[in-house]
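Reviewing the structure listed below.
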Amino acid sequence: MLRVEEVYDTPEFSGAADVIVIGAGIVGTATAYELARRGVSVALVDKGVVGGEQSGRNWGWVRQQNRDIFELPLAMRSLRRWSELRDELQIDLGFRREGILYASADAKSIAQWDAWCRRAREVGFVSHLLSSTEINSRAPRGGPRYAGGVWSPDDGRAEPSRAAPALAEGAKRHGALLYQNCAARGLDLSAGRVSGVWTERGLIKASRVVCAGGAWSSRFCKRHNVELVAVNVVGTAMRTSVAANVVNGCFAGPGFALRRRLDGAYTLAVPGFGRIDLAPLGLKNALRYYSNYQNDIRKKLKYRLSKAWFEGPEASATWQFDEVSPFERCRVLDPKPDLEFVKVALDSVKRAIPEFSDMRVVHAWAGAIDTTPDLIPVISDVSELPGFYVATGFSGHGFGLGPAAGELVADMVTGAKPLLDISPYRLGRFTDGSSLKVPEMM
């Protein structure tokens, strides 16, 4: 089990709050923090522990570069919040603004980066396209010769084991209530609108509820006949042995993505590769991913039939609110890592960086990434259930986007003017006949 920093619960259980946030990952804790900071009474509940699932298992990249253009404004705002949070929270989240570098020998990738850089400038973000000479002078020496690259000096990295716990602590300081190992079983409804949440400890009354349950959000919503289109992709990552400081920030090359950690080791992964554990809700939504599947992604996915069919986040069985729910039967989703991906990543990084020839994997893990068909998150109200909001489907981008997503959700819930245009993130785009865009960037 991957370890994250421990956060202590609120001792006494309260039966009421202004807002309940379900899920204490990076988005849920950021939402609770922003609401509490505005003087709103918040209860943050999680079936397991703060940051226990994907928010504590991701790569730790905090980037604006190579975001989808619809996501870029949210990413830009989020980078500003990451820079502010250390002083606000008085806790080191491990955030360091030391740049992100991509390198490739593939002309198609370089052309895609070039087109993206030109569009990003229209939004106000500058990323630097590098020539062959420039990338080979900046990348670690001794590896393959690259045809080009792209560099963002303003992007950064942070420590997943620290970030969500720090935000939860900040929320508590502003009066938020935190209940871990306290699964939300379902919504309490009165006169057609939200009036609270049934938890395993009892009912908490509230007029507004935010579902930020990551991999489990679709199943929670399905219990209330809310269609949330998302499939979980199980990604593998690993911590290496302590190694030479030849990459100070983040670096993506052929077959690997690398982040320098505060402990002197690296977090390593294979970009775009993952596993889908087949399950009923995922198969129901499969056709919505057809355009996505047609591109190179299909070559990077494995499929497996496992117990997730019956018990996982995308199983179909229902439950009553006065009985044990699926969320209590799986406190922390801890998928097995794919050893094939571990080998690919390690072999690739050793070819690219000869100084890592003695590098070894100390610990490998996996996490479930809630992924939408267009790879754009859902940050939205739910029209058929007034008072209910969802913030999920971040498609592997939630860690970097989390702080700004929390602000945006807090704006929606309190009726404030949203800091950004929320229309690209609306839930209704999957059901209102909108033509979903084919993802340009991962």
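The values are calculated or read from the model by the stated rules, or taken from the named source; none is laboratory data. Just so it is clear, the structure is predicted and the values come from calculations on it, not from any experiment. Note that we place each Cβ from the backbone using ideal geometry, even for glycine, and neighbour counts take in every protein chain shown. We work out accessible area using only protein heavy atoms, side chains counted, and drop any ligands, DNA or RNA first. Shrake-Rupley method; radii C 1.70, N 1.55, O 1.52, S 1.80 Å.
Step by step: first the residues of the range 124-135, then only those that are of a type outside the set (V, I, T) and open to solvent by 40 Å² or more (accessible area, probe 1.4 Å), then the one that is farthest from R351 (Cα to Cα). Which residue is that?
Restricting to residues being of a type outside the set (V, I, T) and open to solvent by 40 Å² or more (accessible area, probe 1.4 Å), the top hit is G124.
Working carefully through the options R121, R38, find the one that is open to solvent by 40 Å² or more (accessible area, probe 1.4 Å) and touching a residue at least 12 places away in the same chain (Cβ under 8 Å).
R38
Given the range 285-393, what strands (runs of 3 or more DSSP E) lie entirely inside it while holding 3 or more residues that are touching a residue at least 60 places away in the same chain (Cβ under 8 Å)?
Output list reads 361-371, 388-392.
When you scan the range 253-310, how many residues do you find that are modelled with pLDDT of 85 or more and of a type in the set (D, E)?
2
Can you name the number of the only condition in (1) in a helix (DSSP H, G or I); (2) in contact with an Asp or Glu (Cβ under 7 Å, 6 or more places away or on another chain) that A164 fails?
(2)
Restricting attention to the range 9-22, which residues are open to solvent by 10 Å² or more (accessible area, probe 1.4 Å) and touching a residue at least 24 places away in the same chain (Cβ under 8 Å)?
D9, T10, F13, S14, G15, A16, A17, D18, I22 - these are the residues of the range 9-22 that are open to solvent by 10 Å² or more (accessible area, probe 1.4 Å) and touching a residue at least 24 places away in the same chain (Cβ under 8 Å).
In the range 365-385, what residues are surrounded by 22 or more Cβ atoms within 10 Å (Cβ to Cβ) and among the charged types (D, E, K, R)?
Across the range 365-385, the qualifying residues are D370, D374.
Go through the range 185-217 residue by residue and tally those that are open to solvent by 50 Å² or more (accessible area, probe 1.4 Å), within 20 Å of E323 (Cβ to Cβ) and not in a strand (DSSP E or B).
Qualifying residue count, the range 185-217: 2.
Return the residue satisfying two criteria in turn: it lies in the range 136-158 and is within 22 Å of G264 (Cα to Cα) and out of contact with any Lys or Arg (no Cβ under 9 Å at 6 or more places or on another chain), and of such residues it is surrounded by the most Cβ atoms within 10 Å (Cβ to Cβ).
A139
Out of all the residues in the range 366-381, which are out of contact with any Ser or Thr (no Cβ under 7 Å at 6 or more places or on another chain) and of a type in the set (S, T, Y)?
S380
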